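Encoded as structure tokens, the structure appears first; notes follow it.
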């Protein structure tokens, strides 16, 4: 699997996560509200092995199976974000009209009453809010975590 592009490897793994790294201790990768086991999984950048250490703030695309990262891709400004395929993603809110979220990188998402809110609600949203979105395997938005709702 090492030579496969991330989109080709997607069919092999359980979930695609688009996240911003908070901490890497060499064993676990930590993000807003989640962590995965890193193990010996190599890091890739633009299809090439990446030997540099990961740093807080790095944008990552992960394939995750049973809490373990099976592929780690360091995203660049030109990297495809895997739109439409992810199960967990972090992004910033560009606008909110009460019925739809418009996010900086992930696009537009309609809201419905079945979405579970964590650490806030729609009332806490404003331009620039940092959000974690979680979707089901069939692509339905199930949970929104508001990061630092008091900001």
Q | residue 120 in a loop (DSSP other than H, G, I, E, B) and loosely packed, with under 14 Cβ neighbours inside 10 Å | A | no
Flagged in the stretch 27-63 as farther than 27 Å from residue 148 by Cβ and outside any strand (DSSP E or B), in numbering order, are 39, 40, 41, 42, 46, 47, 50, 51, 52
Considering the stretch 97-109, residues that are assigned to a strand (DSSP E or B) and closer than 18 Å to residue 142 by Cβ, and then whichever is farthest from the chain's Cα centre (by Cα), we arrive at 100
Residues in the stretch 83-104 that are in contact with a strand residue (DSSP E or B) (Cβ under 6 Å, 6 or more places away or on another chain) and within 18 Å of residue 15 (Cβ to Cβ) total 7
The residue from 29, 4 that alone is surrounded by 11 or more Cβ atoms within 10 Å (Cβ to Cβ) and at pLDDT 95 or above is 29
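The values are calculated or read from the model by the stated rules, or taken from the named source; none is laboratory data. As the structure is a computational prediction, the values presented were derived from the model and not from experiment. Note that each Cβ is placed from the backbone with ideal geometry, even for glycine, and that neighbours are counted across all protein chains shown.
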